[in-house]
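Notes to accompany the following structure.
What follows draws every value from the coordinates through simple rules; no lab data is involved. Computed from a predicted model, the values in this text were never measured in an experiment. Here the Cβ positions follow ideal geometry from the backbone for every residue, glycine too, while neighbour counts run over all protein chains shown.
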Amino acid sequence: MTEVLYVTDENDNYTTANSTGWDAKKAALDESMELIYERIEEAKQNVANNTVSPIVYFMELNKMDIGVLASYVGMWQWRVKRHFKPKIFNTLSETTLKKYADAFGISVDELKNFDGK
């Protein structure tokens, strides 16, 4: 597969040309996606082992980091990180859970009942 790029010709005019470097880009993208899938699977396993809350899994699934998630839910990053603990997660209010569920595009029930299995 080739990618069309804008390049300059011998007269410094812009024209299009086919890239020959698509294989390198594809390999890098494939490797990145594999790392993402590994992180998602690790988060799922950690939820199943009750070492992290479902927030971690859905954050990874939605390709977010703590900073992005914190901005979506309108909380400080340290609070979001605290909610990663299952013991703390189980005490969250419906209002707080709704903020997370909305950020992930799921229902509060899906968030509360996800067990990683």
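In this rough spin-label picture, where each label sits 7 Å from Cα along the Cβ direction, the T95-S107 distance is 2.3 nm. To the nearest ten degrees, helix 94-104 and the longest principal axis of the Cα atoms of the chain are 20 degrees apart. Could you name the aspartates and glutamates whose alpha carbon sits less than 17 Å from that of K99, not counting residues in the same chain fewer than 8 places away? Filter leaves E60, D65, D109, E110. Charge tally around Y72: other residues with Cβ under 10 Å, Lys/Arg +1 each, Asp/Glu -1 each, net 0. Give the Kirkwood hydrodynamic radius (Å, one decimal) of the chain, defined as one over the mean of 1/r across all pairs of different Cα atoms. Kirkwood radius, the chain: 16.7 Å. In terms of packing, defined here as the mean over residues of other Cβ atoms within 10 angstrom, the peptides 8-17, 107-116 line up highest first as 107-116, 8-17. Here's how it looks for K85: its modeled amide H is under 5 Å from those of S53, which are all 5 or more places away or on a different chain.
Shown is the FRET efficiency for E3 and I88, computed with R0 = 30 Å from the Cβ-Cβ distance and rounded to the nearest 0.05: 0.05. Straight-line cross-link partners of K112 among the aspartates and glutamates, defined as a Cα under 12 Å from its Cα and at least 8 positions apart when in the same chain: E94. Show that you can apply the helix-only estimate: for the chain, add -39,500 (n - 2.57) for every DSSP H stretch of four or more residues, divide by all residues, and state [θ] at 222 nm to the nearest 500. Value at 222 nm, helices only, nearest 500: -17500 deg cm²/dmol.
Between D23 and T51, what is 0.36 nm times their sequence separation minus the Cα-Cα distance? Round to one decimal in nm.
Working: separation 28, 0.36 × 28 = 10.08 nm, distance 3.91 nm.
Length gained between D23 and T51: 6.2 nm.
Take 23-36, 46-59 and order them by the average number of nearby Cβ atoms within 10 Å per residue, most first; the result is 46-59, 23-36. Students often get this wrong, so check it: of K81/K117; K26/K85; K26/K81; K26/K117; K25/K85, which have C-alpha atoms separated by over 26 Å? Correct reply: K26/K85; K26/K81; K26/K117; K25/K85.
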